[in-house]
Amino acid sequence: MSLHSIGIVYRKELTEALRDRRTLISTIIVPLLLFPVMIVGFASVASTLVDKAKEESPKVMILGGDDSPAVLGEVKKIEKIDIVPPTSDWKDQIVNKEVRAVVDIPHGFDSAIAQQQQETVKIYTYEGELKSGIAAGRIEKHLDEYRDTVVKDRLAAKNLPAAVLKPFEVKQQNVAPPEKVGGAAIGGLIGYMVILLCFTGAMYPAMDLTAGEKERGTMETILSSPVSRSDLVLGKFSLVLSASLATAALSVISMGVSFWAAQRFNALNFGNPNDPNTLHIQIGLSAVLSVFLMAIPIAVLFSAALLTISLFAKTYKEAQSYLTPMTFVVVIPAVAAMLPGVDLTPKLALVPILSVSLLCKELVASTYHWHYISIIFASTCVYAAAALFIAIKMFQRESVLFRS
Amino acid sequence: MIEARSLCKSFQDKKRGTIRAVDHVSFTCQPGQIYGLLGANGAGKTTTLRLLATILEPTDGTAILCGHDVIDEPEKVRANVGFLSTATALYPRLTAQEMVEYFGRLNGLDEPTLKKRLDAIFDRLDMNSFRDRRCDKLSTGMKQKTSIARTLVHDPPIMIFDEPTLGLDIMTARTITAFIRECRDAGKTVIFSTHIMSEVEKLCDTIGIIQSGKLLTEGTLEQLRAQHGEHDLEEIFVRVVAPHYVSEGTN
């Protein structure tokens, strides 16, 4: 093994990679553009849509209530709803989004209330539909208030204080520092993004440097030079690894900048930081650096594995068909870590990818469990070394290099 | 000098079982001479030359090139060999100069030597006009010249050509044959494979006829003519190969 020849191979592969559009797009353009577009673009579009929906007065139909002027009057008092006359095809109108909600007041409602019988007001909605939800929410809120006044009146009539119904209050209060709250909320997402981009960043160069080389007929050329096969594969591997880490680094930087910009311009509706109801995201530089550090062994693992798999392929296309399903192998454990309630255990710490993804979640929340960090770093290094060893062995095999 | 000693190479094929692509082939090529390996498609020419260039490893037997064994010192063997075939393409995204430089560096040339050799070769092959053009933008002739420059950059004592003129037009093919002669005149050991009789007649000092992985006969053109009582090389070839020939389809 000679560092000098590895360096020569690396420099040449770098020159070629920088001239390859596909590699440039996947390593530099995608990570730089993905986050700003995703975060700022999506969030601002979503918030304008929601704002617009809130401004509108959704159409609401009232069924019954002719004999109950009190409750009918309350419903008619609700702000920002547009009451339309009742029709018999109200169900179809909800489904066709012509009417957003229908309030069904049972017969004899007012007199039933006066006699202290329990009655039910039904609100028919289109579940999951935004404007229907807004309409129903407004109606429900107002009727809740009306109910409270009815209760108050009854209590007052019997000379009882309001505390009879509410002997004590229950209140939640957050004591975790803001960076830990933010970490729990988006830590999983950051780990997932870094892992996925380490993978996609390595994918195109790995295919280009192996299957691409076979396809272009340069494999035999390079094998006829005195460079040893292990130096050759290590040079290629270094380039794939650089691409993978560059993608991850650029994505983390671009994600940081996008979040900062989004908060700054309030595109995410984070509101003011003193309001306990809004999500206040604060991720420290040290957390980001430690996530990146954990990404190094996983990038080694991906680079070596992708290089080995695509070496089997004879053409770029064939390599693509091998690597595309691999994406799922990476995405599934990475997503699993984002599921609520999945936390690090000694067993999970040995599962490649999933362990790193779980750890990233903790790191972003500034939680440092050193024993887990060392187990996961060491185990990922072992997997990475094994993958690299297999890659070197595969490059020595004629049946792989000259598969026909 | 090249010495092939009972070289063997077999491949495993799922349908056909073990294939003996090269079967106990022995021959010697001397410096300042051209050895021509003549054979039909699938006769074992390419595999033999790949074994000599250490791109493949023999399953049995060995070969010694410039005193280095292909099994024990493959990197040293490659440092002494210039290998050119129709399958040795150029890196499309490198310029002609970068391509040749890359192989010079891999061959351990230091930068001043590399620059000197590069200038000399580019002048000699008249390549200065497309030095900085990317290889994927070169014409076939320019590509061929760049390939030649690539094999020559480390001034190897042994040149191996695997069907170097396959698929080339006459003018480009002539550049190659002229280049092969030059290599011989410069005292290099040259071996090349072909199935074109006229090339062999014009170029070769020694001819070896190969079929089904076996070297069937060997000698100078005169020796072969005397041995088989035929003047025409094609007739000699058919006479030697016919008893061993199995058409590719039935193999």
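The values are calculated or read from the model by the stated rules, or taken from the named source; none is laboratory data. Just so we're clear, the structure is a prediction, and the values are computed from it rather than from any experiment. Counting neighbours? That spans all protein chains shown, and the Cβs are built from the backbone with ideal geometry, glycine included.
Some notes on this structure:
- Among the residues of segment B:68-82, some residue qualifies, meaning at least one is touching a residue at least 40 places away in the same chain (Cβ under 8 Å) and among the small types (Gly, Ala, Ser).
- Residue identified as in contact with an Asp or Glu (Cβ under 9 Å, 6 or more places away or on another chain) and in the same structural domain as B:ALA4 (by TED's automatic domain parsing) among B:THR220, B:THR189, B:THR140, B:THR175: B:THR220
- Selection count where residues are in contact with a Ser or Thr (Cβ under 6 Å, 6 or more places away or on another chain), more than 7 Å from chain A (Cβ to nearest Cβ) and either outside any loop (DSSP other than H, G, I, E, B) or on the phi > 0 side of the Ramachandran plot (or both), scope segment B:50-82: 5
- Exactly one residue among A:LYS393, A:LYS347 is modelled with pLDDT of 90 or more and over 16 Å from A:GLY191 (Cα atoms), and that residue is A:LYS393.
- Where a residue in segment A:124-138 is among the β-branched types (Val, Ile, Thr) and its partner, wherever it lies, is part of a loop (DSSP other than H, G, I, E, B), with Cβ under 7 Å and at least six apart: A:ILE134/A:PRO58
- Those residues of segment B:98-115 which are within 22 Å of A:ALA17 (Cα to Cα) and under 23 Å from the mean Cα position of the chain (by Cα), in sequence order: B:MET99, B:VAL100, B:GLU101, B:TYR102, B:PHE103, B:GLY104, B:ARG105, B:LEU106
- Odd one out for A:PHE328 among (1) modelled with pLDDT of 85 or more; (2) within 19 Å of A:LEU301 (Cβ to Cβ); (3) in contact with a helix residue (DSSP H, G or I) (Cβ under 8 Å, 6 or more places away or on another chain): (3)
- Residue check for B:SER147: modelled with pLDDT of 90 or more, in a helix (DSSP H, G or I) and under 17 Å from the mean Cα position of the chain (by Cα): yes
- Any hit, segment A:141-153, residues being over 17 Å from A:LYS59 (Cα atoms) and of a type in the set (Lys, Arg): yes
- Test result for A:ALA163, loosely packed, with under 13 Cβ neighbours inside 10 Å and not in a loop (DSSP other than H, G, I, E, B): yes
- In segment B:150-167, the count of residues that are acidic (Asp, Glu), more than 13 Å from chain A (Cβ to nearest Cβ) and closer than 27 Å to B:ALA43 by Cβ is zero.
- When restricted to residues that are farther than 17 Å from A:MET219 by Cα and charged (D, E, K, R), segment A:352-404 contains 2.
- Residues of segment B:83-124 classified as assigned to a helix (DSSP H, G or I), under 15 Å from B:MET142 (Cα atoms) and within 10 Å of chain A (Cβ to nearest Cβ), total: 2
- Condition met for A:GLU318 (charged (D, E, K, R), closer than 21 Å to A:ALA243 by Cβ and touching a residue at least 60 places away in the same chain (Cβ under 8 Å)): yes
- Selection from segment A:217-251 of residues that are more than 7 Å from chain B (Cβ to nearest Cβ) and β-branched (Val, Ile, Thr): A:ILE222, A:VAL233, A:VAL240, A:THR247
- Here segment B:17-49 is the region considered, the condition is being without any contact (Cβ under 8 Å) to a residue 60 or more places away in the chain and within 14 Å of chain A (Cβ to nearest Cβ), and the residue that is surrounded by the most Cβ atoms within 10 Å (Cβ to Cβ) is B:ILE19.
- From the list B:ARG131, B:ARG225, the one residue that fits, being assigned by TED's automatic domain parsing to the domain that holds B:CYS66 and in contact with a helix residue (DSSP H, G or I) (Cβ under 8 Å, 6 or more places away or on another chain), is B:ARG225.
- Helices (runs of 4 or more DSSP H) within segment A:1-104 that include 1 or more residues in contact (Cβ under 8 Å) with a residue 60 or more places away in the chain, more than 14 Å from every other protein chain (Cβ to nearest Cβ) and surrounded by fewer than 18 Cβ atoms within 10 Å (Cβ to Cβ): A:30-35, A:43-55, A:69-77
- Filter pass, B:GLY32 being over 23 Å from B:PHE103 (Cβ atoms), in the same structural domain as B:ASP205 (by TED's automatic domain parsing) and not in a strand (DSSP E or B): yes
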